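**Student:** Okay, handing you the structure first.
Throughout, read-outs are computed from the coordinates displayed, never taken from laboratory work. Bear in mind the structure is a predicted one, so any value in this text is a computation, not a measurement. A quick note on method: Cβ atoms are made from the backbone with ideal geometry, for glycine too, and the neighbour counts reach across all protein chains shown.
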Amino acid sequence: MIVKDVVCPFCGCLCDDIEVEVEDNRVVAVTNACELGMTKLMGEERMKNPILRDGNTWKDITYDEAIRYAADMLLSAERPLLYGWSGTHGEAQCVGVHMAELVHGVIDNTSSVCHGPSILAIQEVGHPGCTLGVVKNRADLVIYWGSNPIDAHPRHLSRYTRYAEGFFLENAFRDRKVIVVDIRKTETANVADEFMQIKPGGDYAVLSALRAIVRGKTETIPRTVAGVTREQLFRVVNLCKNAKFGAIYFGLGLTMTPGKYKNIRNAIELTSELSRHTKFTISAMRGHYNVYGSNEVNTWMTGYPFGIDYSRGISFYNPGETTAVDILARKECDAALIVGSDPAAHFPRRCLEHLADIPVVQLDPYPNATTAFCNVQIPVAVTGIDAEGTAYRMDGVPIRTRRVLSTGYPSDEEVLTRMYALMQGARS
Amino acid sequence: MNFLMITGRTVNQGVTVENKTSAAYAAETSTCFMHEFDMLELGLADGDPIRVTGPCGEVVMRAIGSLEVEMGSIFVPYGPYANHIIAAGTRSTGMPDFKSHEVTIEPTDEEPKTVHRLMEDLGGLAYDR
């Protein structure tokens, strides 16, 4: 059987044109997806049943026992951390927020270690963004800054920019210019019309120089700025000002480097400077397929996009204090529920040392690095493969993922709802 | 020799990311992409093990020559190896300095550890089924 219009649950592009061939309840072929999506859709290394760490061995347990363990752990903790959430659907994220409020815990999602700084900048100066469809059909200039879509979002170029048709562009491939700004000459830089190579840590200075040139303050620009020549800076500003519609996409090359959210703020302010001459927009290249959704769900339920602390009974937000890396590094939380992420692979070691000291329950379909720190892991269905639910694309468009297989695994939402019901029963 | 360590995504990291206990994931995330002149300076050939020392520890990786990386910097695909030596400070943003760590690199005879072993060194227990 061939299932059409499947939504790929890998990256923030959330491609919705995938075809999946299913035979004997297994995915046997995938069409249209990139290598990342295809591998995920065909992945088979699932954990078979819930497991419990018993001293130095692992014991198989039932879903009932595992859910009871997790509920008890959260109820008896003084400062539980509920972390992850970008690898699951919005309906499950909702239950997570309710649970955090009930136990006065901290709920944080993976954006604190990806585009959290971008959100901090947006909170300062706003977000002049647009949907991917607008860029595809209108943009005649695209800038990738600190982002390497060929490796991280492989179909972004073919669906929306470099290789995409555009309704308002006569010959999109010829008429659409692509500029790449990076410290490395990445694969994406190789397909760009202009590559601006910056010395590491120099993004803020280059953004400021571009803003000065756009404003006409050309006499203040030195011969080179962070390794970029004056001539190239002028050339890039000319390309931008002569474009009818420009779109900037930035990645972790801006959020993780020195300056962090101030880099993004400067890039957004460059966008608004350019919009005085022509039309410009800027957006983040979001990583996980539903990390944007975790920000949306958290914001509409708590008022804040990530790093929400309910210890006062009301939501409180202070990145750097209420974010997962900081809470773990300070050895502050006394239990952790991990859903749809793998902090042991992606957090600094000091955080893992604390994870080893506290009870941890993880909901994840696969054994991963965090499994080693779990007291209990509960395997769940994969959203977009054997569970369905809402995810938000990197441009904020909600798309309902589809179920292509029926397995016996419960979804994140089902497991969390049962956990929450037990917790409500105990607290009422 | 001292280098600036930058971490980031690669296609191979993404392809193996849902199978973190695999040898392929370990191989990809323990790869240190370096400029070939820097490798020459350290007497390294492609695939040679190196000891990378950061502000909070050391880890063994393998050096691979790359045309993308500038001299003086190294690129390591995101994962447990780079994070083994990355500091947890976030400068009040929630975000560690994933792309701006100063590290020291020297050749070594040791082999990179498995992901299981790295996790067990920090107090975890590998699950192997």
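**Student:** Give the value in nm², to one decimal: projected area of the alpha carbon convex hull of the stretch B:2-121, averaged over all directions. Could you put the intermediate results ahead of the total?
**Tutor:** Values: hull surface 29.3 nm².
Averaging across all directions leaves 7.3 nm² for the Cα convex hull.
**Student:** Could you work out, residue by residue across A:367-378, how many beta carbons of other chains sit within 10 Å of that residue's beta carbon, and then give the average as an integer?
**Tutor:** Per residue, the number of nearby Cβ atoms from other chains is 5 on average.
**Student:** Rounded to the nearest 0.05, what FRET efficiency do A:E165 and A:N242 have when you use their Cβ-Cβ distance and R0 = 25 Å?
**Tutor:** Step by step, r from the Cβ atoms, then E = 0.70.
**Student:** Shifting gears a bit: Per residue of chain B, what 222 nm ellipticity follows from adding -39500 (n - 2.57) for every DSSP H run with n ≥ 4, rounded to the nearest 500?
**Tutor:** Helices in chain B give a 222 nm mean residue ellipticity of -5500 deg cm²/dmol.
**Student:** Of the options A:G201, A:G340, B:L122, report the single residue whose Cα projects farthest towards the positive end of the charge dipole of the protein assembly as shown (beta-carbon charges: Lys, Arg +1; Asp, Glu -1).
**Tutor:** Value computed over the given set: A:G201.
**Student:** Then there's this: Just name one of A:S283, A:P128, A:H156: the one whose Cα is farthest towards the positive end of the charge dipole of the stretch A:116-284 (beta-carbon charges, Lys/Arg +1, Asp/Glu -1).
**Tutor:** A:P128
**Student:** So how compact is the stretch A:116-284: Cα radius of gyration and Dmax in angstrom?
**Tutor:** Final numbers for Rg and Dmax: 14.7, 41 Å.
**Student:** Give, rounded to the nearest 20 debye, the magnitude of the charge dipole that the stretch A:116-284 has about its Cα centre when Lys and Arg contribute +1 at Cβ and Asp and Glu contribute -1 at Cβ.
**Tutor:** Working: 24 positive and 15 negative charges, 40 e Å.
Using only the charged Cβ atoms, the result is roughly 200 debye.
**Student:** Any idea what angle helix A:203-214 forms with the longest principal axis of chain A, computed on alpha-carbon atoms, 0 to 90 degrees, nearest 10?
**Tutor:** 40 degrees
**Student:** Now for a different question. Choose one answer from A:A284, A:A267, A:A345: the residue with the largest mean-square fluctuation in a GNM of chain A with alpha-carbon springs under 10 Å.
**Tutor:** Result: A:A345 has the largest fluctuation of those listed.
**Student:** Next question, about the same structure. What does the charge dipole of the stretch A:112-191 about its Cα centre add up to, to the nearest 20 debye, if the Cβ of each Lys and Arg holds +1 and the Cβ of each Asp and Glu holds -1? Intermediate values should be presented prior to the final figure.
**Tutor:** Working: 10 positive and 8 negative charges, 34 e Å.
It comes to approximately 160 debye.
**Student:** On a full-extension model of 0.36 nm per residue, what is the gain between A:T62 and A:R215, subtracting their alpha-carbon distance, rounded to one decimal in nm?
**Tutor:** Result for the pair: 48.6 nm of gain on full extension.
**Student:** Just subtract the alpha-carbon distance of A:V3 and A:R230 from 0.36 nm times their residue separation and send over the number in nm, one decimal.
**Tutor:** Length difference between fully extended and current span is 76.4 nm.
**Student:** What does the average come to when, for each residue of peptide A:314-327, you count the partner chain Cβ atoms lying within 10 Å of its Cβ?
**Tutor:** Average neighbour count from other chains, rounded to a whole number: 3.
**Student:** Name the residue, out of A:F245, A:F167, A:F373, whose mean-square fluctuation peaks in a Gaussian network model built on chain A with Cα pairs under 10 Å.
**Tutor:** In the Gaussian network model the winner is A:F167.
**Student:** Follow-up. Pick from B:H116, B:H35, B:H84 the residue whose mean-square fluctuation is largest in a GNM of chain B, springs joining Cα atoms under 10 Å.
**Tutor:** For chain B, modelled as a Gaussian network with Cα springs under 10 Å, the answer is B:H116.
**Student:** Find which of A:T218, A:F245, A:S315 sits farthest along the positive direction of the dipole of the protein assembly as shown, computed with +1 on the beta-carbon of Lys and Arg, -1 on that of Asp and Glu, about the Cα centre.
**Tutor:** The residue sitting farthest along the positive end of the dipole is A:T218.
**Student:** Same structure, new question: Where both partners of a DSSP beta bridge lie in the stretch A:116-284, what percent of those bridges are antiparallel, to the nearest 5?
**Tutor:** Looking only at bridges with both residues in the stretch A:116-284, the antiparallel portion is about 10 percent.
**Student:** A further question on this structure: Roughly what % of DSSP beta bridges within the stretch B:2-121 run antiparallel, to the nearest 5?
**Tutor:** Details: 16 of 25 bridges.
Percent antiparallel among DSSP bridges in the stretch B:2-121 is about 65.
**Student:** Each label point is 7 Å from the Cα along the Cα-to-Cβ direction; what then is the distance between the points at A:D24 and A:R400, in nm?
**Tutor:** Simple spin-label model gives 3.2 nm for this pair.
**Student:** Stretch B:S92-B:E41 to full length: gain in nm at 0.36 nm per residue minus the Cα-Cα span? Can you show the working numbers first?
**Tutor:** On the way: separation 51, 0.36 × 51 = 18.36 nm, distance 3.79 nm.
14.6 nm is the gain from fully extending B:S92 to B:E41.
**Student:** Next question, about the same structure. Angle, helix A:90-102 long axis vs. longest principal axis of chain A, Cα atoms, 0 to 90°, nearest 10?
**Tutor:** It works out to around 60 degrees.
**Student:** Helix A:261-274 versus the longest principal axis of chain A: what angle, 0 to 90°, nearest 10, using Cα atoms?
**Tutor:** 40 degrees
**Student:** Helix-derived [θ] at 222 nm for chain A: sum -39500 (n - 2.57) over DSSP H runs of at least 4, divide by residue count, nearest 500? Walk me through the numbers on the way to the answer.
**Tutor:** Working: 18 runs with 157 residues, N = 428.
One gets -10000 deg cm²/dmol as the mean residue ellipticity at 222 nm.
**Student:** Another question, if that's okay. Compute the normalised compactness of chain A: alpha-carbon radius of gyration over 2.2 N^0.38 Å, N being the residue count.
**Tutor:** 1.03
**Student:** Counting only other chains, what is the mean number of Cβ atoms within 10 angstrom of the Cβ of each residue in peptide A:152-164?
**Tutor:** The per-residue average across the peptide is 1.
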